Amino acid sequence: MNVLICGGAGYIGSHMAQYLAEAGHVVTVLDNLSTGHHEAVRWGELLEVNLLDAEGLERVLQGRRFDAVMHFAARSLVGESVSHPYSYYSNNVTGTLNLLEAMRRADVERIVFSSTAAIFGNPQSDVIDEAHPKAPINPYGASKLMAERFLADAAQAYGLRSVALRYFNAAGALPGHGIGEAHACETHLIPNVLRAALGQGPSLKIFGNDYDTADGTCVRDYVHVQDLARAHALALEFMDRNEGAHTFNLGNGQGFSVHDVIATAASVAGVAIPYEVAPRRAGDPARLVASSAKAREQLGWQPRWTELAPIIESAWHWHRDQPSWSPHHRQTGHPTQAA
Ligand code: UFG
C-alpha cells in the first residue's frame, strides 16, 4: 500500500514508518518539523508541509495516489494545552479538518487517527473501555475528541472509513533502528527518569505522592510504541473488512505507579535514581488503565511488550546512546559513564 504518514518525523510516527516499510509498504512522510526531526525520517520521502496550509495539503493529496493516511501530526502536551488552547484547537482541530477535506477531494477513503486516553477525562472505573464516558478535562483531550467526531460525521456523509486509536502511555523505542522519543521539551515520565539516571536534565520530580493509589503516586498503563505501530497496521486491514468510523483503546491493561517506573528504571540502568516529591501536576488523574479487549477481539491486536522492564530497557538504550541530532545528545563526555 501507499501510505501517507502525517507527523511521521515524530516519536510514534517514525516508529510507524519503520514498521510499514519493513512490512513492504511504501511510505511518504508529511511533517512541518515543528516538533519532529528530519533525521527521524529514515523510511520514505519527507514532504515539509503544515496541516494549516490547506493549499499545500491539496497539492500533496492531488499529486500522488495514497491508499490510506495515518495521522499523528498534533500538539500533544496536556499542560501546554491548558496554557495555549488556541494553538491546540488550531493544530489539532483545524489541521485535521484540512487533512480530511484534502482527502475527500482526492478520494482517499481510509484514515487511522491518533487519539488519546485524554478524551475520557477523570476515570469513572478502574479499567477504561470504549464505552467509558468521554469528558475531557483539558483542551488537548477536547481537540482529539472533536476530531473523532469529524470522523464519525465523515463516515455518514462521505463514506470515509476510519479507525481512531486511543493510546494510553506510549513508551519505549527502537534504538537499533535509530529512533526513539526525542522531544526538545520533555515532560513525560520515562524519559525524565532515564535522563535523571544519566545525570542529565533537571532533577527528577514526582508530581504528588498523596493520590489514592497503593503507593500514593499516579498509576499509568505503558504500551510500547512498536505495539502501537502494529495496531495501526492491523487497523489498515480492519478497514478492508469494515466500513464506518471505529474506535479502540490501546494499552497493556496493567497499571504501574511512578514509584514502580523509577524502581524498574533504576534496576535496568544499574544506578540509584534521585528524586524529590513535588506538588501534584494539574490535570493528572490518579489512575489510567486501558481495557483493550475490543482491540484484541476485533483488530486481533495483542501487545508483545507486556512487561515494564523491557519497555524501559528499550528506552534506556535509546537515551543512553542519543544520536547527535537529538535535543538530548550530550555534548561532553559519554553518557554511558553514568551507567
Ligand atoms: N510524572 C512525574 N514526573 C515527571 C513526569 C511525569 O511524576 O517528571 C508523572 C505524572 O504526574 C503522571 C505520570 O508521571 O502521573 C505519567 O506522566 P506522563 O507525562 O509521562 O504521561 P501522562 O499520563 O500525563 O500523559 C499521557 C500521554 C498524553 C495523554 C495523557 C492522558 O502522554 O498524551 O496520558 O491523560 F493525553
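The values are calculated or read from the model by the stated rules, or taken from the named source; none is laboratory data. Please read these numbers as outputs of a predicted model, since none were measured by experiment. All Cβ positions, glycine included, derive from the backbone under ideal geometry; neighbour counts span all protein chains shown. To get the accessible areas, we keep the full protein, side chains included, count just its heavy atoms, and leave off ligands, DNA and RNA. Shrake-Rupley method; radii C 1.70, N 1.55, O 1.52, S 1.80 Å.
Taking only Cα atoms, what is the 0 to 90° angle, nearest 10, from helix 225-241's long axis to the longest principal axis of the chain?
So the helix axis and the longest Cα principal axis differ by about 20 degrees.
Normalised by the number of residues in the chain, what is the relative contact order in percent for Cα pairs under 8 Å and 6+ residues apart?
Across the chain, relative contact order equals 18 percent.
Just order 267-280, 171-184, 290-303, 81-94 by mean Cβ neighbour count inside 10 Å, highest at the front, would you?
Result, highest mean Cβ count within 10 Å first: 171-184, 290-303, 81-94, 267-280.
Using a 1.4 Å probe over the heavy atoms of the protein chains, calculate the carbon and sulfur portion of the accessible area of the chain as a whole percent.
48
Shape call for segment 50-159 from the C-alpha gyration tensor, a ≥ b ≥ c root eigenvalues: rounded (a/c under 1.5), prolate (a/b greater than b/c) or oblate?
Cα axes put segment 50-159 in the oblate bin.
Using only Cα atoms, tell me the angle between helix 308-320 and the longest principal axis of the chain; keep it within 0 to 90° and round to the nearest 10.
The helix 308-320 is inclined about 90 degrees to the chain.
Given 175, 160, 135, which one lies farthest toward the positive end of the charge dipole of segment 126-176, if we put +1 on the Cβ of every Lys and Arg and -1 on the Cβ of every Asp and Glu?
Value computed over the given set: 160.
For n ≥ 4 DSSP H runs only, could you compute -39500 (n - 2.57) per run for the chain, divide by its residues and tell me the 222 nm figure to the nearest 500?
Theoretical 222 nm ellipticity from helices: -10500 deg cm²/dmol.
Normalising by the residue count of segment 14-169, find the relative contact order in percent from Cα pairs under 8 Å and 6+ residues apart.
21
Cα axis of helix 11-22 to longest principal axis of the chain: angle in degrees, 0 to 90, nearest 10?
That works out to roughly 60 degrees.
State to the nearest 20 debye the size of the charge dipole of segment 175-242 about its Cα centre, where the only charges are +1 on K and R beta carbons and -1 on D and E beta carbons.
So the magnitude is around 200 debye.
Answer rounded, prolate or oblate for segment 3-95, using the Cα gyration tensor with square roots of eigenvalues a ≥ b ≥ c: rounded when a/c is under 1.5, else prolate when a/b is larger than b/c, else oblate.
It is oblate, given that a/c is not under 1.5 and a/b is not larger than b/c.
So between residue 205 and residue 324, what do we pick up on full extension, going 0.36 nm a residue minus the alpha carbon distance?
Roughly 40.2 nm would be gained on extension.
With a 1.4 Å probe and all protein chains left in place, how much accessible area per residue does segment 233-315 have, in Å²?
On a per-residue basis, segment 233-315 sits at 46 Å².
Using a Förster distance of 41 Å, how high is the FRET efficiency between residue 64 and residue 280, based on the Cβ-Cβ distance and rounded to 0.05?
0.30
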